[in-house]
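Peer 1: What follows is a single structure, and I will ask about it in a moment.
Readers should treat all values here as calculations from the given coordinates under stated rules, not as data from a laboratory. Every value quoted in this text rests on a predicted model; they were computed, and no experiment measured them. When we count neighbours, we look across all protein chains shown, and the Cβ atoms used for this are built from the backbone with ideal geometry, even at glycine.
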Amino acid sequence: MALKTTPLTHFHRRQGARLVDFSGWEMPLHYGSQIEEHHRVRRDAGVFDVSHMLAIDLEGAGAEALLRRLLSKDVGRLARPGAALYALMLNEDGGIVDDVIAYQRGPAAFRVVVNAGPAEKDLAWIRRHGAGLSVTMTPRRDLAILAVQGPNARRRAAEALPAAAALLQGLARFQAAEADGAFVARTGYTGEDGCELMLPAERAEGVWRRLLDAGVAPCGLGARDTLRLEAGLNLYGQDMDEDVTPFECGLGWAVDLDGTRDFVGRAALAGARPRWQRLGLVLEDKGVLRHGQRVETAAGEGLVTSGGFAPTLGRSIALARVPLGVAPGASVSVAIRDKMAQAKCVQPPFVREGKPCIALLSGGDSARSIRNNP
Amino acid sequence: MTAPHHLRYSKTHEWARLDDDGLVTVGITHHAQEQLGDMVYVELPEVGRAYKAGTECAVVESVKAAADVYAPVGGTVVAVNELLEAHPEQLNQDPYGAWIFKLKPENAEDLKRLLSAAQYQSMVDADEG
């Protein structure tokens with residue numbers, strides 16, 4: 001089956017990006033160096049094409065009731081247009097169908113942005129639960145989504161989009177607003193400040209070019225993965241899926257068990273005992289932690305759910321699903337091919353807004369030199 | 001210049017060079033490093049250990065993935081490039097200069113079974129379609 005393309009895929013190819021298959025979409029992995037792109041985002045600003053994610057508009061008298069039933073957090077608490085929340089869609093067993101950001105756009109209008117991989121499943125799930133309610137569901141494949149991330153992201157985006165400059169400067173975290181035909185949200189998934197721009201597909205290339213003119217680095221999804229890993233953010237399909245509950249993958253904070261709101265999965269979560277907990281790992285031996293590696297702890301076996309090299313820290317880190325009873329500071333072993341390597345458990349995130357936020361163990365010189373030479 | 005003419009190539013993207021001292025120097029090709037992306041770690045083989053042709057003897061890891069490096073001909077490892085442990089990025093910057101290990105070959109004639117630069121280039125071009 002042919003890979004799906006975004007409004008920018010052919011442009012990325014012409015610009016020299018290395019394109020690869022991401023969840024069935026032909027997306028840029030990098031524009032030359034994944035590590036350089038990572039550093040550009042941490043130190044200044046970078047732009048990612050995330051149009052493979054899907055914005056779904058839900059409108060009508062039943063829209064709020066539907067989302068109050070489907071999401072782990074209460075959209076009823078979104079008091080005004082532009083207010084947003086991060087939430088999970090759960091199945092009846094409390095497993096994670098997807099993680100989403102939901103925006104209120106009016107009294108009976110919401111936008112939910114879902115991941116690329118589970119998008120079709122999500123549409124079917126929402127449609128099924130919306131049966132009988134007065135809701136229209138519109139998948140917005142006509143929109144491109146650009147994520148501009150980094151400490152200077154909003155300032156540079158304001159240069160590129162003068163009509164939205166005041167909005168970009170005034171926007172609070174996790175708030176969105178519409179200006180100049182673009183839906184602008186102060187959200188992202190890199191552990192940096194920044195914004196996500198949703199705009200008509202035909203405008204995507206022009207806005208991308210203006211962002212580059214304003215000094216924003218073009219980035220591939222490779223850097224997005226190392227950035228979100230350093231930020232301790234779960235990736236759907238790796239760190240979370242329908243077989244784990246939010247409490248088992250560090251997302252208990254995204255579930256609202258207060259009040260009486262009955263949402264899908266609530267009953268299962270209320271009675272469930274977690275089998276796992278999520279912790280971060282910092283590799284002390286040589287090598288690279290990768291998804292799927294076995295973790296041996298004093299309390300039993302676990303699994304690396306996301307692993308890789310952390311450019312900001314100059315060492316390998318991972319998110320891991322480990323048995324209860326393992327605490328930050330514990331030493332564990334990870335099976336890297338035919339060897340057992342030592343790693344230390346930490347509480348994620350590893351990096352927040354460019355600064356390491358875990359105690360680096362021996363040999364942290366590379367991280368220090370990176371910080372001192374922006 | 002993506003595949004220098006004085007080298008021989010394996011189908012698994014190693015290059016091999018027969019040196020005047022009779023040793024075979026091995027690295028990974030420009031195409032291999034380009035496919036893997038930024039290198040972050042190299043696991044070198046053990047000096048003194050013998051490998052058959054086509055067996056795994058080193059690992060290169062990029063931010064994206066780990067890849068095995070295979071012995072292009074059978075032989076015993078006599079030297080490894082320890083500089084790569086601190087600077088794996090040299091595999092990206094200078095793939096034909098940043099050798100990984102040197103083998104004392106069982107039979108230097110085996111190099112003739114490897115691909116020529118032209119054959120290797122055609123294989124890469126065909127893969128990229």
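Peer 1: Largest first and in whole Å, give the semi-axes of the protein assembly as shown's equivalent ellipsoid, each being the square root of 5 times a Cα gyration tensor eigenvalue.
Peer 2: Numbers: eigenvalues 392, 144, 84 Å².
Working through the eigenvalues yields semi-axes of 44, 27, 20 Å.
Peer 1: Something else about it: How big is segment A:142-249 along each principal axis, measuring the range of its Cα positions in Å and listing the largest first?
Peer 2: 44, 28, 24 Å, listed from the longest principal axis down.
Peer 1: Set Lys and Arg Cβ to +1 and Asp and Glu Cβ to -1, take the dipole of chain B about its Cα centre, and tell me which of B:Val59, B:Met123, B:Asn92 lies farthest positive.
Peer 2: The one lying farthest along the dipole's positive direction is B:Met123.
Peer 1: Could you list, bin by bin from short to long, the percent of Cα-Cα pairs of segment A:279-351 in 5 Å steps?
Peer 2: Going out from 0 Å in 5 Å bins, segment A:279-351 shows 4, 20, 35, 27, 12, 3, 0 percent.
Peer 1: Amide H of A:Arg352: which non-local residues (sequence gap of 5 or more, or other chain) have their own amide H closer than 5 Å, using H built in the peptide plane?
Peer 2: When sequence neighbours closer than 5 places are left aside, the close amide H contacts are A:Cys357.
Peer 1: Then there's this: Among A:Lys4/A:Lys121; A:Lys4/B:Lys64; B:Lys52/B:Lys112; A:Lys286/A:Lys339, which pairs are too far apart, with a Cα-Cα distance over 18 Å? Each step should come with its number before you reach the end.
Peer 2: Numbers: A:Lys4/A:Lys121 16 Å; A:Lys4/B:Lys64 22 Å; B:Lys52/B:Lys112 16 Å; A:Lys286/A:Lys339 11 Å.
Distance filter (> 18 Å) returns A:Lys4/B:Lys64.
Peer 1: Below 8 Å, C-alpha to C-alpha, sequence gap of six or more: please give me the relative contact order for chain B in percent.
Peer 2: Details: 279 pairs, mean separation 41.0, N = 129.
Rounded, it is 32 percent for chain B.
Peer 1: While we're here: Only sites in a loop by DSSP and with at most 14 other Cβ atoms within 10 Å count here; which GluC sites (Glu not before Pro) in segment A:32-132 make the cut? List each step's numbers first, then the result.
Peer 2: On the way: sites: A:Glu36, A:Glu37, A:Glu59, A:Glu64, A:Glu92, A:Glu120; in loops: A:Glu92.
Passing sites in segment A:32-132 are A:Glu92.
Peer 1: Translational diffusion coefficient, Stokes-Einstein: compute it for segment B:50-113 using the Kirkwood radius over C-alpha pairs as Rh, at 4 °C and 1.567 mPa s, and state it as an integer in µm² s⁻¹.
Peer 2: Calculated translational D: 102 µm²/s.
Peer 1: Give me, ordered by chain and number, the residues 5 or more places off A:Ala310 or on other chains with an amide H under 5 Å from its own placed amide H.
Peer 2: Amide H neighbours of A:Ala310, under 5 Å, 5+ apart: A:Arg315, A:Ser316, A:Ile317.
Peer 1: For segment A:16-87, how big is Rg over Rh, using alpha carbon atoms and the Kirkwood form of Rh?
Peer 2: Working: Rg = 17.9 Å, Rh = 15.7 Å.
Rounded to two decimals, Rg over Rh is 1.14.
Peer 1: Just to be sure I follow: if Rg is taken over the C-alpha atoms of chain B and Rh is the Kirkwood radius over the same atoms, what is Rg/Rh?
Peer 2: Numbers: Rg = 13.5 Å, Rh = 14.4 Å.
Here the Rg-to-Rh quotient is 0.93.
Peer 1: Using only atoms on other chains, find how many Cβ atoms lie within 10 Å of each Cβ of peptide B:62-74 and report the average. Could the numbers behind the result be given before it?
Peer 2: Details: counts 6, 15, 10, 3, 5, 0, 1, 0, 0, 0, 0, 0, 0.
Mean partner-chain Cβ count within 10 Å for B:62-74: 3.
Peer 1: Applying the Karplus parametrisation 6.51 cos²θ - 1.76 cosθ + 1.60 with θ = phi - 60° to the phi angles of segment A:192-206, what ³J(HN,Hα) value in whole Hz is obtained for each residue in order, glycine and proline being reported as x?
Peer 2: 10, 5, x, 8, 10, 10, 10, 8, x, 3, 5, 8, 4, 5, x
Peer 1: Most mobile of B:Ala65, B:Ala98, B:Ala53 per a Gaussian network model of chain B (Cα springs, under 10 Å)?
Peer 2: Highest fluctuation among the options: B:Ala65.
Peer 1: Please compute, for peptide B:38-46, the average count of beta-carbon atoms on other protein chains lying within 10 Å of each residue's beta-carbon.
Peer 2: Numbers: counts 13, 2, 11, 6, 1, 6, 0, 0, 0.
Taking all residues of B:38-46 together, the mean is 4.
Peer 1: Tell me, what HN-Hα J-couplings in whole Hz come from the Karplus equation 6.51 cos²θ - 1.76 cosθ + 1.60 at θ = phi - 60° for each residue of segment B:98-103, using x for Gly and Pro?
Peer 2: Coupling constants for segment B:98-103: 7, 5, 9, 8, 10, 10 Hz.
Peer 1: Shifting gears a bit: Run the helix sum for the protein assembly as shown: -39,500 (n - 2.57) per DSSP H stretch of 4+ residues, divided by residue count, reported at 222 nm to the nearest 500 deg cm²/dmol. Mind showing how you got there, number by number?
Peer 2: Details: 14 runs with 111 residues, N = 503.
Roughly -6000 deg cm²/dmol at 222 nm, from the helical runs in the protein assembly as shown.
Peer 1: Residue by residue, what Karplus-based ³J(HN,Hα) values in Hz, rounded to whole numbers, does segment A:108-124 have, using 6.51, -1.76 and 1.60 with θ = phi - 60° and x for Gly and Pro?
Peer 2: Running phi through 6.51 cos²θ - 1.76 cosθ + 1.60 with θ = phi - 60° gives 9, 9, 9, 10, 10, 9, 10, 6, 5, x, x, 4, 5, 4, 4, 4, 5 Hz.
Peer 1: Give the long-range amide H neighbours of A:Asp193: residues separated by 5 or more places, or on another chain, with amide H under 5 Å away, using H modelled in the peptide plane at 1.01 Å from N.
Peer 2: A:Gly150
Peer 1: Rank the residues B:Asp125, A:Asp98, A:Asp256 as a footprinting-exposure proxy: fewest other Cβ atoms within 10 Å of their Cβ go first.
Peer 2: Values: B:Asp125 11, A:Asp98 22, A:Asp256 16.
Fewest-to-most Cβ neighbours within 10 Å comes out as B:Asp125, A:Asp256, A:Asp98.
Peer 1: Which order results if B:Thr76, A:Thr260, A:Thr138 are arranged by neighbouring Cβ count within 10 Å, fewest first?
Peer 2: So the residues, fewest neighbours to most, are A:Thr260, A:Thr138, B:Thr76.
Peer 1: Considering the alpha-carbon set of segment A:124-178 alone, what are its Rg and its Dmax in angstrom?
Peer 2: Using the Cα atoms of segment A:124-178, the pair Rg, Dmax is 16.6, 46 Å.
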